[in-house]
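*Asks:* Quick one: structure below, then a few questions.
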Amino acid sequence: MSAAQQTDHRGTEQHRHRGKSSLQGKHLGFLRLVRSEWIKFWSIRSTFWCFAVIAVLTIGLATLIGALAEGDAPTTDAANQTIVGMNTISVYLSALVVGVLGVLIISGEYATGQIRSTFTADPGRLGALLAKATVLAVSTFLVSVVATWIGVAVSTALQSAKGVHPDLTDPAVVMPLLGASVYVTLVALLAFGIGLLVRSSAGGIAITLGILLVLPIVLSLVSMLAGIDWLGTAAGYLPDAAGGQLYAYASDAPASGSSGAPATASVEGSSDLNGWSGAGVLLAEVVVVGALAMVVARRRDV
């Protein structure tokens with residue numbers, strides 16, 4: 001090796017050493033990780049498409065039902081129940097959409113290999129994963145809240161012209177409408193945990209939709225046909241049934257069946273959950289799946 005080559009080699013090694021030392025001396029804080037994940041999250045086309053579908057479903061169905069439903073709500077309670085039903089009928093479909101999105105934002109990084117860069121920026125991995133979950137939760141909640149209340153404004157205006165006058169400041173109205181957005185957000189986080197566990201878009205989506213769509217039907221059918229009561233009770237603690245309590249309208253008065261609008265959310269299962277306990281059950285399921293996924297993600301190779 002010539003003297004010039006030796007000099008270049010030493011210079012290269014010194015540069016690498018300085019670069020490595022500078023990287024070891026730096027640590028990305030959580031806010032910087034959140035900012036990075038925010039940019040990454042909103043640069044994905046699937047994010048825009050999924051949130052656009054949620055907005056169209058939420059506002060569109062509320063507007064359609066508000067225009068077509070008959071104005072038969074003689075009391076304020078009946079009017080409140082009608083408005084809540086109109087604006088939560090799309091929640092089930094929205095949950096399926098965010099379920100797909102929650103899986104894609106993490107499984108997509110594994111598929112493209114971008115997860116290596118993510119974990120290089122945060123060698124501990126936990127901070128980057130929590131930042132991803134935070135961005136997903138905040139974005140989903142905000143989009144759902146905005147779309148829901150736009151739907152409320154439109155459907156209320158349409159129904160007011162037909163003599164239906166709800167009290168939108170009543171907690172019995174506000175809580176289910178906010179609960180719908182909380183439910184959609186928790187489903188997105190549940191799907192994120194599942195996607196992190198399986199690291200496969202197809203597998204994660206299949207499992208998520210299976211839990212939301214197939215498993216409740218299977219448990220209910222087996223419980224009914226085989227006479228196994230505890231299976232029917234167990235179905236009431238699945239994510240869709242437990243979370244459904246979040247946007248169920250609580251009323252002491254019977255629903256008016258002639259209004260043409262869904263009076264309240266239909267929740268499968270025979271559990272005795274209410275809004276708060278249902279939220280607790282769903283949150284516990286999200287935490288368990290998410291914690292397991294993060295432990296596994298830290299231990300296995302990329």
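The values are calculated or read from the model by the stated rules, or taken from the named source; none is laboratory data. Being a predicted model, the structure only gives us computed values, none of them experimental. In this analysis, Cβ positions are derived from the backbone assuming ideal geometry, glycine residues included, and neighbour counts consider all displayed protein chains. All accessible areas refer to the heavy atoms of the entire protein, side chains included, with ligands and DNA or RNA removed. Shrake-Rupley method; radii C 1.70, N 1.55, O 1.52, S 1.80 Å.
*Asks:* With a 1.4 Å probe and all protein chains kept in place, how much accessible area does Phe141 have, in Å² rounded to the nearest 10?
*Replies:* Probe radius 1.4 Å; accessible area of Phe141 about 70 Å².
*Asks:* Something else about it: With a 1.4 Å probe and every protein chain left in place, tell me how much accessible area Glu37 has, in Å² to the nearest 10.
*Replies:* 10
*Asks:* Share of the stretch 57-141's accessible area from carbon and sulfur, percent, 1.4 Å?
*Replies:* After summing per-atom areas, the C and S share lands at 67 percent.
*Asks:* Expressed in nm to one decimal, what extension gain is obtained for the pair Val56 and Ala111 from 0.36 nm per residue of sequence separation less their Cα-Cα distance?
*Replies:* 16.9 nm
*Asks:* Send over a whole-number figure in Å² for the accessible area per residue of the stretch 45-94, probe 1.4 Å.
*Replies:* 44
*Asks:* Which sequence of Val164, Val146 reflects their accessible areas, 1.4 Å probe, from the largest down?
*Replies:* Sorted by accessible area, descending: Val146, Val164.
*Asks:* Could you rank Trp149, Trp276, Trp49, Trp38 by how accessible they are, 1.4 Å probe, largest area first?
*Replies:* Trp276, Trp49, Trp38, Trp149
*Asks:* Quick one: ranking Ser36, Ser107 by accessible area, 1.4 Å probe, largest first, what do you get?
*Replies:* Result, largest first: Ser36, Ser107.
*Asks:* Please work out how much accessible surface Ser46 shows to a 1.4 Å probe, ignoring ligands, DNA and RNA, in Å² rounded to 10.
*Replies:* 30
*Asks:* Once both labels are modelled 7 Å past Cα along the beta-carbon direction, what's the Ile44-Leu64 spacing in nm?
*Replies:* A separation of 2.8 nm, rounded to one decimal place.
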